[in-house]
Amino acid sequence: MKVSGFTFIRNAIKYDYPVVEAITSIAPLCDEIVVAVGNSDDGTRDLIENIDSRKIKIIDTIWDDSLREGGRVLATETDKALAEVDPQSDWAFYIQGDEVLHEKYLETLKADMLRWKDHPEVEGLLLRYCHFYGSYDYIGDSRRWYRNEVRIIRNDKSIRSYRDAQGFRKNNRPLRVKRADATMYHYGWVKPPQLQQAKQEYFHKLWHDDAWMEKKIPKVDEFDYSKIDSLANFRGEHPRVMLPRIQRTNWQFSFDPTKTRLPLKSKLLHGIERLTGWRIGEYRNYKLI
């Protein structure tokens, strides 16, 4: 079995993306990792070049900054990386620059890929998600956080990234997938408040025009993490590759998980989900088989 990893990144240093940790976390499963490095102004290419792995294959790209609707440029950059995956690979493992795979799932995912390798009806593997917020001690537990995403796909050139690169489609239909017993850790909402605010100002430009930005994005120096509806304490262990970054934490954030800010309807839906595991009205860009 041959596996290719693929990802994209731009201005990782400027916006404090743990992209080195992301790439390193999936490297044990991959024979190569294609990294589409966008036109950056902060040394991102040097950062990727200095990853200690012969598996890294860099392709240089130019982002189309005019694509300011629905985050479409993110899917475009994803497809550029996917197009460079070795045609001989059976699977392509996608990871974004703020996601990290815990090492405890490496063997599980390898077994899943081997199990379904010769079953063409299985077009991808679905991973659970754990979203950290504010600090490395809290995770999002409300309905605003997506619970699952397809991150391992069959190396089929008819598969393309969908919308803002949060999923994939084949011939404009959702992929048929199996659930993998693994969780991806998402750290996009954990970084110094100043850098989080800078990221928000930049990132929303990928979805919205200047008028929307002027109306919706506050002109402040730091992101206010306190305006969150519901969090839970994280009780597990972080991936080993994240520990140096966690030790460098230079800001504080605290939250009382017993005091949520959920509207009544959300509280009811939240309660049903906790009791039954059923998320009413959940969006699914995949088909479980």
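The numbers here are math on the coordinates, done by the rules we state, and not lab data. These numbers were taken from a predicted model, which means no experiment stands behind them. FYI the Cβ positions are ideal-geometry reconstructions off the backbone, even for glycines, and counts take in every protein chain you see.
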Counted residues in the stretch 1-23 being polar (S, T, N, Q) and either within 15 Å of the chain's Cα centre (by Cα) or part of a loop (DSSP other than H, G, I, E, B) (or both) come to 2
Could you count how many residues in the stretch 136-190 are among the acidic types (Asp, Glu) and either at positive phi or touching a strand residue (DSSP E or B) at 6+ places or on another chain (Cβ under 7 Å) (or both)?
-> 4
What is the number of the single condition among (1) within 30 Å of Pro263 (Cβ to Cβ); (2) free of Cβ contacts under 8 Å to residues at least 12 places away in the same chain; (3) not charged (D, E, K, R) that Trp145 does not meet?
-> (2)
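Quickly run through the stretch 149-164 and pick out the residues that are touching a residue at least 60 places away in the same chain (Cβ under 8 Å) and not aromatic (Phe, Trp, Tyr).
Val150, Ile152, Ile153, Arg154, Asn155, Lys157, Ile159, Arg160, Ser161, Arg163, Asp164
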Index of the failed condition, Trp145 passing every other in (1) surrounded by fewer than 17 Cβ atoms within 10 Å (Cβ to Cβ); (2) assigned to a helix (DSSP H, G or I) = (2)
When Trp116 is evaluated against the numbered criteria (1) buried (at least 21 other Cβ atoms within 10 Å of the Cβ); (2) under 16 Å from the mean Cα position of the chain (by Cα), which criterion, by number, is the only one it fails?
-> (2)
For residues in the stretch 174-195 being without any contact (Cβ under 8 Å) to a residue 60 or more places away in the chain and under 23 Å from Thr7 (Cα atoms), which is surrounded by the most Cβ atoms within 10 Å (Cβ to Cβ)?
-> Val190
For the stretch 39-50, how many residues meet the condition of being under 19 Å from the mean Cα position of the chain (by Cα) and either surrounded by fewer than 17 Cβ atoms within 10 Å (Cβ to Cβ) or of a type outside the set (A, V, I, L, M, F, W, C) (or both)?
-> 1
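Sort through Ser53, Ser25 and tell me the only one that's surrounded by 20 or more Cβ atoms within 10 Å (Cβ to Cβ) and closer than 27 Å to Lys117 by Cα.
After ruling out the rest, the residue left standing is Ser25.
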Does Ala36 fit the bill of being touching a Phe, Trp or Tyr at 6+ places or on another chain (Cβ under 7 Å) and buried (at least 17 other Cβ atoms within 10 Å of the Cβ)?
-> yes
Pairs where the first residue, in the stretch 77-95, is more than 20 Å from Met184 (Cβ to Cβ) and the second is assigned to a helix (DSSP H, G or I) and small (Gly, Ala, Ser), C-beta under 7 Å, 6+ apart | none
Looking only at the stretch 255-269, decide whether some residue is in contact (Cβ under 8 Å) with a residue 12 or more places away in the chain and under 29 Å from Lys14 (Cα atoms).
-> yes
